[in-house]
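Since the structure comes first, as structure tokens, the remarks are kept for the end.
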Amino acid sequence: MKLLLQEIRRNPLLWLLVFAPAALVAEKFNHEAHTLHFILSVLAILPLAVLLSHATESVAAKTGDSVGGLLNATLGNLTELVIAIAALQAGQYTLVKASVAGAIVTNSLFMLG
């Protein structure tokens, strides 16, 4: 816990972690405020992506290049996977198709050059 607090002090983007519980509370108590819930969720997902990136880099540094590369490839798309699963549960199949297509295009352009 002490290391997490030090990391939060060093990285101002992690200050947005306060929006994670705020998004949950907003969704629970106000079902009709979709825009507010969306904005809070976007603000909450940014620091979580940073923490996930740091975690995979730490594991990769200790396990070697091959395992580290596999973890980065797998967990680097974890956000898209969570969004796709949530959209599937909500019956938003068009959103899932668009998300997968966007992930493929993004990874092709930015990863391959």
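The values are calculated or read from the model by the stated rules, or taken from the named source; none is laboratory data. None of these values were measured; they are calculated from a predicted model. Cβ coordinates were reconstructed from backbone atoms using ideal geometry, including for glycine residues, and neighbour counts include every protein chain displayed.
Okay, here's what the table says:
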quantity: Contacts under 6 angstrom Cβ, first residue in segment 75-100 being outside the structural domain of His54 (by TED's automatic domain parsing) and farther than 26 Å from Ala60 by Cα, partner among the aliphatic types (A, V, I, L, M) and surrounded by fewer than 16 Cβ atoms within 10 Å (Cβ to Cβ), 6 or more apart; calculated: Ala87/Leu95; Val96/Leu88
quantity: The lone exception for Thr63 - which of (1) within 29 Å of Ile104 (Cβ to Cβ); (2) touching a helix residue (DSSP H, G or I) at 6+ places or on another chain (Cβ under 7 Å) it fails; calculated: (2)
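Yes/no matrix, rows are residues, columns are (1) touching a Gly at 6+ places or on another chain (Cβ under 7 Å); (2) on the phi > 0 side of the Ramachandran plot; (3) surrounded by fewer than 12 Cβ atoms within 10 Å (Cβ to Cβ); (4) not β-branched (Val, Ile, Thr):
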| residue | (1), (2), (3), (4) |
| --- | --- |
| Gln6 | no, no, yes, yes |
| Asn11 | no, no, no, yes |
| Ala20 | no, no, no, yes |
| His31 | no, no, yes, yes |
| His37 | no, no, no, yes |
| Leu48 | no, no, no, yes |
| Leu51 | no, no, no, yes |
| Ala60 | yes, no, no, yes |
| Val67 | no, no, no, no |
